[in-house]
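None of the figures in this text is laboratory data; all of them are computed from the coordinates on show. Source: prediction; values computed, not measured. Cβ atoms come from the backbone with ideal geometry, glycine included; neighbour counts cover every protein chain shown.
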Amino acid sequence: MKNLRIIDHPLVKRDLTILRDVQTPSYVFRSVLRRMAALMAYEVTRDLPLKNVMVKTPLENTNGSIMEHSIVLVPILRAGLGLVGGFVEVFPEARVGHIGLYRDEKTLRPVDYYFKVPRDLKRAVVLVLDPMLATGGSGAEAITFLKKKGARNIRFVSLLAAPEGIKVVQKRHADVVIYTCSLERGLNSKGYILPGLGDAGDRIFGTD
Ligand code: PRP
Ligand code: URA
């Protein structure tokens, strides 16, 4: 599929297996998700452009590199919060916005309740973080908000993505590359991803 990148590093596959396991308790789920997010951060940013700089070693001057664009992380609340820690380890200077959305249980449509993002999104690489891309309603809505605030260079980062959700995001936002650790089989009648890992927010925060 166009604009879809599967992160298939063996360490990511190992960690995803732990997250899928219904027996994995919240405290393990959270720490594995954080570790996985750091691994994902490498893959999601491997093609970002660099700027040359001079660096003075203790012995002489040499060429070095810095990132050309600033990074803005935007987790979709709540479950996206579970990915922030790992990304911030890799990008300690990243600014972080938040988008509050939840799915109405009956209509499966996203309901928004919070939006706060940094200024100057225009020149930044904006990484939208949400473990689950199911119907695609939440992801597509979040991207629309970010574009209204000026974001031009957006990547959507998920753990699991259903074909239905990928289609919706790609239709509404053809310019956005979707990263995921697994292209899943589909959705059940309640909009849950199969085989999935259940409700990501509940598993991270121990609610149900
Ligand atoms: C989950 C998940 C996504 C959304 C995906 O959030 O974190 O944001 O569902 O579903 P969609 O692709 O069909 O829109 P949820 O609505 O459960 O809210 P929560 O994170 O606050 O529990
Ligand atoms: N949201 C989740 O947390 N899990 C799913 O399987 C689908 C949407």
(request) Would you mind putting 187-193, 172-178, 55-61 in packing order, based on average other-beta-carbon counts within 10 Å, highest first? (result) 172-178, 187-193, 55-61
(request) Any chance you could tell me what percent of the C-alpha pair distances in the chain go past 28 Å? (result) 25 percent
(request) Give the distance, in whole Å, between the Cα centre of segment 1-44 and the Cα centre of segment 137-208. (result) 15 Å
(request) Name the residues whose placed amide hydrogens come within less than 5 Å of the amide hydrogen of LEU48, ignoring near sequence neighbours (fewer than 5 apart) on the same chain. (result) none
(request) Restricting things to alpha carbons, tell me how big segment 137-208 is in terms of Rg and Dmax, in Å. (result) 13.2, 36
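Taking 8 Å as the Cα distance limit and 6 or more residues as the minimum spacing, I'd like the relative contact order of segment 55-208 as a percentage.
Numbers: 292 pairs, mean separation 29.5, N = 154.
Relative contact order, segment 55-208: 19 percent.
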(request) Could I have the simple spin-label model distance between ASN63 and THR107, label points 7 Å from Cα toward Cβ, reported in nm to one decimal? (result) 5.5 nm
(request) Amide H neighbours of LEU77 under 5 Å, at least 5 residues apart or on other chains, H built in the peptide plane: list them. (result) ILE99, GLY100, LEU101
(message) Using the Cα centre of the chain as the reference point, and only Cβ charges (+1 on K/R, -1 on D/E), how large is the resulting charge dipole? Debye, rounded to the nearest 20.
(response) 520 debye
(request) Please go through the residue pairs LYS13/LYS51; LYS13/LYS56; LYS2/LYS122; LYS13/LYS122 and name each one whose alpha carbons sit more than 29 Å apart in this structure. (result) LYS13/LYS51; LYS13/LYS56; LYS13/LYS122
(message) Apply the Karplus curve 6.51 cos²θ - 1.76 cosθ + 1.60, θ = phi - 60°, to the phi angles in segment 95-107 and return the couplings in whole Hz, x for Gly and Pro.
(response) 8, 10, x, 9, 10, x, 9, 9, 8, 5, 4, 8, 7
(request) List MET54, MET36, MET132, MET67 from most exposed to least, where exposure is judged by having the fewest other Cβ atoms within 10 Å. (result) MET54, MET67, MET36, MET132
(message) Students often forget the sequence filter, so: which aspartates and glutamates lie under 20 Å Cα-Cα from LYS148 once same-chain residues fewer than 8 apart are removed?
(response) ASP112, ASP120, ASP130, ASP175
(request) Would you grab the residues whose amide H sits under 5 Å from the one on GLY186? Only those 5+ places off in sequence or on another chain, please, with H modelled 1.01 Å from N. (result) LEU194
(request) Using DSSP, restrict attention to beta bridges with both residues in the chain and report what percent are antiparallel, rounded to the nearest 5. (result) 40 percent
(request) For LYS190, list the aspartates and glutamates whose Cα falls under 14 Å from its own Cα; do not include residues on the same chain fewer than 8 positions away. (result) ASP104, GLU105, GLU164, ASP199
(request) Please say if segment 74-120 is rounded, prolate or oblate, where rounded means a/c under 1.5 for a ≥ b ≥ c the square roots of the C-alpha gyration tensor eigenvalues, and otherwise the choice is prolate for a/b larger than b/c and oblate otherwise? (result) oblate
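Could you order peptides 154-164, 24-34 by the average number of other Cβ atoms within 10 Å of their residues, highest first?
Values: 154-164: 24.5, 24-34: 16.1.
Sorting 154-164, 24-34 by mean packing, highest first, produces 154-164, 24-34.
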